[in-house]
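What follows is one structure encoded as structure tokens, with my remarks underneath.
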Amino acid sequence: QVQLVESGGGLVQAGGSLRLSCAASGRTFSSYTMGWFRQAPVKEREFVAAITRSGASTFYADSVKGRFTISRDNAKNTVYLQMNSLKPEDTAVYYCAASRTVAVSRSEYDYWGQGTQVTVSS
């Protein structure tokens, strides 16, 4: 089993940056594809980004491509989401998740963190 804890959320002005971190417990972190999802009020949880086990491949939602960067440090059991040029529409609770497959669909993710709030003011 994997336990995930996100951090790094907060309030930022439009155009600003934040870096989210997700620390994982357990010795099998490098066995999982890691993903970031977000959920805004009254909206469904949506895919943001994912990174394969070795970090060789990354995937992004069109809405964040070119602005967000996902990375991981398997030695530290941590995955990151660098968010630049933030927009008010990026406001949401951001969740990290772990999957045994290479996946962008939330249904394929087995473990989830508790989420961290990101608020972008205009």
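The values are calculated or read from the model by the stated rules, or taken from the named source; none is laboratory data. Please read all numbers here as calculations on a predicted model, not as lab measurements. Using ideal geometry, Cβ is built from the backbone for each residue, glycine included, and neighbour counts are taken over all protein chains shown. Keep in mind that these areas ignore ligands, DNA and RNA; they rest on the heavy atoms of the full protein, side chains included. Shrake-Rupley method; radii C 1.70, N 1.55, O 1.52, S 1.80 Å.
A compact table of results
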read-out	value
Residue count, region 5-37 (criterion: surrounded by 17 or more Cβ atoms within 10 Å (Cβ to Cβ), more than 11 Å from the chain's Cα centre (by Cα) and not in a loop (DSSP other than H, G, I, E, B))	5
Selection within region 38-58 - farther than 18 Å from Gln114 by Cβ and outside any loop (DSSP other than H, G, I, E, B)	Phe47, Ala49, Ala50, Ile51, Thr58
Cβ pairs under 7 Å, 6+ apart, first in region 99-112 and free of Cβ contacts under 8 Å to residues at least 24 places away in the same chain and of a type in the set (D, E, K, R), second part of a loop (DSSP other than H, G, I, E, B) and open to solvent by less than 70 Å² (accessible area, probe 1.4 Å)	Glu108/Thr101
Verdict on Asn84 being under 15 Å from the mean Cα position of the chain (by Cα), closer than 16 Å to Thr119 by Cα and not small (Gly, Ala, Ser)	yes
Test for Ser105: is it among the small types (Gly, Ala, Ser), open to solvent by 20 Å² or more (accessible area, probe 1.4 Å), within 15 Å of the chain's Cα centre (by Cα) and at pLDDT below 95	yes
Of all residues making up region 77-88, the number that are outside any loop (DSSP other than H, G, I, E, B) and either within 24 Å of Tyr109 (Cα to Cα) or among the hydroxyl-bearing types (Ser, Thr, Tyr) (or both)	6
